[in-house]
Amino acid sequence: SGCAPAQNLVDDYEMNNGLPIRDPLSGYDEKRPYVNRDPRFYADILYNGANWKGRKVETYATGRDRQSTETDYTRTGYFTRKLADEAITPGQSGSRFIHGINYRLAEMYLSYAEALNECEPANADVLKYVNLIRTRAGQQPLPAGLSQADMRTRIQNERRIELCFENHRFWDVRRWKIAEETQKELFGMRPIIDAAAPDGFRYERFKVEDRLWRNAMYVIPITTDETLRNPNLKQNEG
């Protein structure tokens with residue numbers, strides 16, 4: 001529960017036909033929000049009804065994993081599955097060794113495709129290397145013929161999904177200068193038991209919190225000790 005994914009992230013996982021859920025042709029159903037999503041969604045996110053450690057996750061009000069601000073519960077209605085070892089139980093004896101990844105192939109492909117889209121948007125390698133990642137994940141490839149701006153949007157979302165929980169998003173939204181849109185409101189999802197609803201639940205989005213953002217936060221402050229060492233060093237604006 002130390003890392004509760006936001007609804008903002010969940011909404012950015014496409015449908016398994018490769019279309020964003022905001023596309024009216026995607027087939028997304030708000031009454032069954034976790035059906036037919038990008039295969040990476042099921043590998044990354046634990047949601048109400050997902051299978052984990054031999055049972056279903058219960059994030060509804062009376063469930064064992066309910067949404068709450070208490071310790072060991074979720075604030076958003078979700079838990080992180082990616083990078084979590086289902087075989088580990090807190091308090092068990094023995095050790096687990098996890099080999100950290102400094103730089104992996106998908107990041108290289110995405111960085112290459114992003115840079116190439118900015119300088120040579122017509123280069124076929126842009127689409128090729130993004131689709132190598134999507135095909136490996138079991139997701140539908142992006143279509144040919146996207147404009148530079150549309151490809152930029154899709155590449156940014158591909159980084160959001162493929163590299164989530166790998167310490168990239170914090171830096172990506174700053175270098176893209178989109179944090180003033182992405183970092184302001186945090187949402188969650190509340191399942192409500194309803195016998196008349198599909199699968200016995202209806203789903204209600206709710207705001208978890210408002211977050212402070214100032215554009216000065218696009219850069220890191222220069223520390224006081226550095227400005228004392230060099231009086232000519234100018235602090236970053238803001």
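The values are calculated or read from the model by the stated rules, or taken from the named source; none is laboratory data. All values reported here derive from a predicted model rather than from experimental measurement. Counting neighbours? That spans all protein chains shown, and the Cβs are built from the backbone with ideal geometry, glycine included. Side chains are part of the model used for accessible areas, which takes the heavy atoms of the whole protein and leaves out ligands, DNA and RNA. Shrake-Rupley method; radii C 1.70, N 1.55, O 1.52, S 1.80 Å.
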Seminar exercise, completed: Quick calc: nm separation of the 7 Å Cα→Cβ label points for A115 and S26 -> 3.1
Exercise. In segment 27-108, which chymotrypsin sites (Phe, Trp or Tyr not before Pro) are in a loop and have at most 13 other Cβ atoms within 10 Å, using DSSP for the loop call?
Worked result: F97, Y103
Problem set entry | Sequence-distant lysines (8 or more away, or on other chains) whose Cα lies within less than 30 Å of K184 | K31, K82, K207, K234
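Which loop-located trypsin sites (Lys or Arg not before Pro) does segment 1-70 contain, where loop means any DSSP state but H, G, I, E or B and the Cβ has at most 13 other Cβ atoms within 10 Å? Write down the numbers at each step before the final one.
Details: sites: R22, K31, R37, R40, K53, R55, K56, R64, R66; in loops: R22, K31, K53, R64, R66.
Passing sites in segment 1-70 are R22, K31, K53, R64.
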Problem set entry | Backbone HN-Hα couplings from phi across segment 195-200 [Karplus 6.51/-1.76/1.60, Hz, Gly and Pro as x] | 4, 7, 8, x, 6, x
Exercise. Considering amide H positions built from the backbone, and no H for Pro or chain starts, which residues 5 or more places from T74, or on another chain, come under 5 Å of its amide H?
Worked result: S68
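Taking only C-alpha pairs under 8 Å that are 6+ residues apart, what is the relative contact order of segment 123-232 in percent? All intermediate terms of the calculation are to be shown ahead of the outcome.
Working: 73 pairs, mean separation 19.0, N = 110.
Rounded, it is 17 percent for segment 123-232.
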Problem set entry | Long-range amide H partners of R37 with built H, under 5 Å | N16
Seminar exercise, completed: With all protein chains present and a 1.4 Å probe, the order of R32, R104 from largest accessible area down is R32, R104
For this session: Provide the per-residue ³J(HN,Hα) series for segment 24-37, in order, calculated from phi with Karplus coefficients 6.51, -1.76, 1.60 and θ = phi - 60°, each as a whole number of Hz, with x at glycine and proline positions.
Result: x, 8, 6, x, 5, 10, 4, 7, 9, x, 10, 9, 6, 9
Exercise. Any idea how far apart E86 and T69 come out in nm if each label point goes 7 Å out from Cα toward Cβ?
Worked result: 3.4
For this session: Would you pull out the residues with amide H under 5 Å of I45's amide H, same chain only if 5 or more places away, H placed 1.01 Å from N?
Result: R81, K82
For this session: Could you let me know the centre-to-centre spacing of segment 7-45 and segment 196-223, using Cα atoms, in angstrom?
Result: 18
Seminar exercise, completed: With only helices counted (DSSP H, runs n ≥ 4, each -39500 (n - 2.57)), the per-residue ellipticity at 222 nm for the chain, to the nearest 500, works out to -8500 deg cm²/dmol
Exercise. If you take the square roots of the eigenvalues of the alpha-carbon gyration tensor of the chain and sort them as a ≥ b ≥ c, do you get rounded (a/c under 1.5), prolate (a/b over b/c) or oblate?
Worked result: oblate
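Please label the shape of segment 35-135 as rounded, prolate or oblate, based on the square roots a ≥ b ≥ c of the eigenvalues of the alpha-carbon gyration tensor (a/c under 1.5 means rounded; beyond that, a/b larger than b/c means prolate, else oblate).
Numbers: a/c = 2.98, a/b = 1.92, b/c = 1.55.
Cα axes put segment 35-135 in the prolate bin.
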Seminar exercise, completed: Karplus-derived 3J(HN,Hα) from phi for segment 148-161 (6.51 cos²θ - 1.76 cosθ + 1.60, θ = phi - 60°), whole Hz, x at Gly and Pro, runs 4, 5, 5, 5, 4, 4, 5, 5, 4, 5, 5, 5, 4, 8
